[in-house]
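Heads up: the structure comes next, in structure tokens.
The values are calculated or read from the model by the stated rules, or taken from the named source; none is laboratory data. What you see is a predicted model, and the numbers here were worked out from it, not measured in a lab. Here the Cβ is made from the backbone with ideal geometry for all residues, glycine too, and neighbour counts use every protein chain on show.
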């Protein structure tokens with residue numbers, strides 16, 4: 001069970017990624033009431049550029065344990081992109097149960113600003129270095145003009161508009177409703193009044209996606225400590241869990257609006273509908289819409305109407321991204337999974353400013369990885 | 001057929017303004033991104049075919065004035081490419097394949113047929 005959790009998130013952090021991760025760890029240790037020497041398990045992830053601009057970091061889990069001064073008997077790395085932390089949480093619970101470790105540190109994040117300053121993303125790192133190849137198909141994918149991963153989600157949004165008649169205004173309304181939660185959350189980076197017109201009139205980055213419906217890469221780490229007991233926190237458990245991996249290139253899929261979330265959520269659809277709050281991966285507005293449809297919360301093609309007709313506030317009929325989501329928190333190192341888990345834990349522990357009353361079960365869904373292959377669906381609570 | 005052979009043949013076809021694709025002779029699956037086995041059935045009984053160059057836009061996005069698209073060819077495979085003319089881009093618009101040499105590299109592009 002999670003005994004401590006913390007975030008250290010800045011729009012642009014001047015010091016090193018290693019100092020930033022240590023800040024998140026120190027805060028989480030304080031909450032858990034344990035010492036650094038009590039940590040005996042470690043799970044993290046690495047993406048190009050996020051640890052002080054290095055393309056690759058040799059044996060990075062070992063190097064980070066060394067830097068942080070933690071000695072572990074178990075270490076691992078998750079490679080699912082944004083939802084990696086959620087999959088790590090599930091694995092950590094199993095490792096605790098089988099006695100492999102007593103206190104496992106999940107440390108996820110990095111400095112997104114350095115990658116952003118190069119005008120690239122972690123997905124397009126190979127563009128700046130001819131010697132770097134990220135895919136088996138580089139020669140047939142490279143050389144064209146696109147801005148992945150934004151273009152990839154834009155292709156899905158465009159197709160969704162054509163097939164299901166969803167509109168720019170519906171996606172904008174989702175951004176507006178998440179901003180209302182952000183204004184109440186007390187910890188969002190992007191706050192203030194936002195209208196549908198503001199979103200529609202913001203620059204089109206990759207048609208049909210506008211600037212204000214896309215996450216902003218920031219610097220940040222989240223630390224979660226998984227232990228035998230929850231300590232001072234509520235004994236939150238993982239009640240249902242599923243993960244799925246559609247490794248086909250989107251271009252080779254029959255339908256680019258069908259996500260791996262359709263499979264990861266498949267075993268507990270009815271339970272998903274009865275949760276008290278919903279934290280859905282919001283790299284882009286369309287990401288949330290596709291998850292609403294692919295996890296069975298709404299019928300396929302109906303997410304636009306659902307956005308128009310539903311109150312997403314903490315006291316509304318469907319509390320969604322109650323902390324304002326990653327679009328308003330900022331996306332630490334191109335991964336939003338930790339933002340979802342952090343807000344869910346605030347809610348379940350009755351620690352949120354924008355608190356959902358009687359929050360006992362949270363549904364979390366994460367999407368990410370190379371060409372959004374991976375989906376992790378989970379219900380946590382008591 | 002090894003990967004090097006496939007890529008060499010692709011390059012040769014590109015220079016001759018031909019769009020290649022791979023057909024699995026076991027299950028009939030057609031694909032564009034090279035593997036030395038069929039990703040559907042695992043067979044290595046593959047052949048490189050010539051597309052007739054006609055297809056339609058499956059989806060598209062415009063960024064920095066460039067159109068990035070998923071193109072669905074008549075033969076039944078899809079691939080990524082930029083679209084060369086922007087006038088009336090839309091999903092399901094018919095395209096033909098054209099070839100452009102940029103930075104000493106010839107790649108296929110889509111051209112909208114109105």
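Values as computed for the structure displayed
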{"item": "Residues that are within 23 Å of residue A:139 (Cβ to Cβ) and more than 14 Å from chain A (Cβ to nearest Cβ), drawn from region B:25-50", "result": "B:44, B:46, B:47, B:49, B:50"}
{"item": "Residue identified as modelled with pLDDT of 95 or more, more than 14 Å from every other protein chain (Cβ to nearest Cβ) and over 27 Å from residue A:353 (Cα atoms) among A:168, A:102, A:117, A:193", "result": "A:102"}
{"item": "Helices (runs of 4 or more DSSP H) within region A:138-235 that include 2 or more residues within 13 Å of residue A:327 (Cα to Cα) and in contact with a strand residue (DSSP E or B) (Cβ under 8 Å, 6 or more places away or on another chain)", "result": "A:168-185"}
{"item": "Only listed residue being modelled with pLDDT under 95 and on the phi > 0 side of the Ramachandran plot, chosen from B:85, B:64", "result": "B:64"}
{"item": "Some residue of region A:209-219 being surrounded by fewer than 17 Cβ atoms within 10 Å (Cβ to Cβ), outside the structural domain of residue A:99 (by TED's automatic domain parsing) and within 30 Å of residue A:195 (Cβ to Cβ)", "result": "yes"}
{"item": "Sole residue being within 19 Å of the chain's Cα centre (by Cα) and within 30 Å of residue B:57 (Cβ to Cβ), chosen from A:260, A:265", "result": "A:260"}
{"item": "Residue count for region B:66-104, restricted to those that are without any contact (Cβ under 8 Å) to a residue 24 or more places away in the chain, within 9 Å of another protein chain (Cβ to nearest Cβ) and more than 14 Å from residue A:154 (Cβ to Cβ)", "result": "2"}
{"item": "Among (1) in contact with a helix residue (DSSP H, G or I) (Cβ under 6 Å, 6 or more places away or on another chain); (2) within 14 Å of chain B (Cβ to nearest Cβ); (3) closer than 25 Å to residue A:294 by Cα - the single one residue A:154 does not satisfy", "result": "(1)"}
{"item": "Single condition residue A:371 does not satisfy, out of (1) at pLDDT 95 or above; (2) not in a strand (DSSP E or B)", "result": "(1)"}
{"item": "Residue check, residue B:60 facing chain A (nearest Cβ under 8 Å), in contact with a helix residue (DSSP H, G or I) (Cβ under 9 Å, 6 or more places away or on another chain), more than 15 Å from residue A:158 (Cβ to Cβ) and surrounded by 16 or more Cβ atoms within 10 Å (Cβ to Cβ)", "result": "no"}
{"item": "Boolean, residue B:99 is surrounded by fewer than 20 Cβ atoms within 10 Å (Cβ to Cβ), within 21 Å of residue B:15 (Cβ to Cβ) and not assigned by TED's automatic domain parsing to the domain that holds residue B:18", "result": "yes"}
{"item": "Tally of residues being within 11 Å of chain B (Cβ to nearest Cβ) and at pLDDT below 80 across region A:120-137", "result": "2"}
